[in-house]
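Q: Right, I'll just put the structure down here and ask away after.
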Amino acid sequence: AMTFANGLFGSAAAIANGYMFIIYKNDREKADEFGGYVMATLMVGLTVGGLFTLFFPSNLFRPLLLSSALCFLAFVVCFIFVFVPSESPVEIDSEPEEDDIPLDKRAISNVIIGASFDHLGTLGIYPLAFSPVMYQRFFLDFQIANKVPIMSGNEYRWLFSMIGLAAVPAALLMPLVNKKLGVAISTIISNLITAGAIIALLSVAAIDPPTHSSFVLYATIIYATFPFALLSQLSSGAMLDRVTPHDQKSLAQGINNSLYDFASKLYHGCDNLGF
């Protein structure tokens, strides 16, 4: 029930992305830039939230209460200070008004289908590379065999919590990469790197018996390649922005985020069923 409530009310990132694309509807570079800031802020927030669990290892209800209070505070701040773009007291987008693009259902469908596969692939880096693979291979299997694990539970929590910081450079560099290479090319390159990273992670995890060196190599691959996985995800939102009419941008971003959440729940459901 708590997870359901979190998914139901935790759509801040999708709303914020759609908000940026509406505000800067005539300046795609600026929309990409501020969309990157939104995701960078989200990743830092996820890292801080993960650190809460490290500060209260014996009682997870305390960080849960703190997180709930912060969510309520965020709601109050947004309700008071965030305005509807059409009711802005200042001119936000100083560029001349562009003609709205027509609704191209085929183009939008193609991007959404591509984004779905992108999300499924990206989840191979995070969170699946952490749980179940890293957790089981370098910790749980040792405990089951009554041996000292290569990775401690505290090390796992630190690695899982701090991964968000590795994504910040990708979020901040996304506008520059999209400008230099184009959204489609940057997405393809990121997907290829992500695919290679997943193959490398599986190869390292398959080393038997696992060693401290393989554990270090495994963690290094995750942290080195996760920014590229995130970059491909951010690019899917940028591609949707380019083929979506102004009044449908928030809906498109919401669908994109929903697809990511669905892919995540699908993977975890398969893991729980033993696949």
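Q: Pull out all pairs, ordered by first then second residue, where Cβ-Cβ is under 7 Å, the residues are six or more apart or on different chains, the first lies in segment 36-56 and is over 26 Å from VAL183 (Cα atoms) and in contact (Cβ under 8 Å) with a residue 40 or more places away in the chain, and the second is open to solvent by 20 Å² or more (accessible area, probe 1.4 Å) and aliphatic (A, V, I, L, M).
A: THR47/MET162; THR47/LEU165; THR53/LEU60
Q: Would you pick out the residues in segment 1-43 that are among the β-branched types (Val, Ile, Thr), open to solvent by 60 Å² or more (accessible area, probe 1.4 Å) and at pLDDT 75 or above?
A: The answer is THR41, and nothing else.
Q: Now for a separate question. Which of the following residues is modelled with pLDDT of 80 or more and surrounded by fewer than 21 Cβ atoms within 10 Å (Cβ to Cβ): ALA229, ALA195?
A: When all the criteria are applied, what remains is ALA195.
Q: Select, from LEU266, LEU217, the only residue that is out of contact with any Ser or Thr (no Cβ under 6 Å at 6 or more places or on another chain) and either closer than 19 Å to TYR37 by Cβ or at pLDDT below 75 (or both).
A: Sole residue among the options that is out of contact with any Ser or Thr (no Cβ under 6 Å at 6 or more places or on another chain) and either closer than 19 Å to TYR37 by Cβ or at pLDDT below 75 (or both): LEU266.
Q: Cβ contacts < 8 Å: first residue within 22 Å of LEU201 (Cα to Cα) and touching a residue at least 12 places away in the same chain (Cβ under 8 Å), restricted to segment 136-156; second residue assigned to a loop (DSSP other than H, G, I, E, B) and open to solvent by 30 Å² or more (accessible area, probe 1.4 Å), any location; separation 6+ or different chain. Result?
A: PHE138/PRO149; PHE138/ILE150; PHE139/PRO149; PHE139/ILE150; PHE139/SER152; ILE150/THR211; ASN154/PRO57
Q: Would you check if there is a residue in segment 101-114 being over 19 Å from ARG242 (Cβ atoms), of a type in the set (Asp, Glu) and open to solvent by 20 Å² or more (accessible area, probe 1.4 Å)?
A: No, segment 101-114 contains no residue that is over 19 Å from ARG242 (Cβ atoms), of a type in the set (Asp, Glu) and open to solvent by 20 Å² or more (accessible area, probe 1.4 Å).
Q: Of the numbered conditions (1) closer than 29 Å to ILE112 by Cβ; (2) at pLDDT 90 or above, LYS249 satisfies every one except a single condition; which is it?
A: With respect to (1) closer than 29 Å to ILE112 by Cβ; (2) at pLDDT 90 or above, LYS249 is out only on (2).
Q: Of all residues in segment 145-160, which are among the hydrophobic types (A, V, I, L, M, F, W, C) and open to solvent by 90 Å² or more (accessible area, probe 1.4 Å)?
A: Hits for segment 145-160 are VAL148, TRP158.
Q: Identify all residues within segment 191-210 that are in contact (Cβ under 8 Å) with a residue 24 or more places away in the chain and hydroxyl-bearing (Ser, Thr, Tyr); write none if there are none.
A: THR194 - this is the single residue of segment 191-210 that is in contact (Cβ under 8 Å) with a residue 24 or more places away in the chain and hydroxyl-bearing (Ser, Thr, Tyr).
Q: Quick one: would you say SER213 is without any contact (Cβ under 8 Å) to a residue 12 or more places away in the chain, part of a helix (DSSP H, G or I) and of a type in the set (Gly, Ala, Ser)?
A: Judged against the criteria, SER213 is a match.
Q: Name the single residue, out of those in segment 161-174 being within 21 Å of ILE193 (Cβ to Cβ) and of a type outside the set (A, V, I, L, M), that is surrounded by the fewest Cβ atoms within 10 Å (Cβ to Cβ).
A: Once the filter is applied, the top-ranked residue is PRO169.
Q: Can you name every residue in segment 216-247 that is among the hydrophobic types (A, V, I, L, M, F, W, C) and free of Cβ contacts under 8 Å to residues at least 60 places away in the same chain?
A: VAL216, LEU217, ILE221, ALA224, PHE228
Q: To continue, here is another question. Identify the single condition in (1) more than 14 Å from the chain's Cα centre (by Cα); (2) closer than 28 Å to ALA238 by Cα; (3) open to solvent by 50 Å² or more (accessible area, probe 1.4 Å) that VAL177 does not satisfy, given that it satisfies every other one.
A: So VAL177 meets the others, but not (3).
The values are calculated or read from the model by the stated rules, or taken from the named source; none is laboratory data. Here the structure is a predicted model, which means the values were calculated and not measured. Every residue, glycine as well, gets a Cβ built from its backbone with ideal geometry; the counts of neighbours run over all protein chains shown. Ligands, DNA and RNA are stripped out before the accessible areas are found, and what is left, the full protein with its side chains, is counted by its heavy atoms. Shrake-Rupley method; radii C 1.70, N 1.55, O 1.52, S 1.80 Å.
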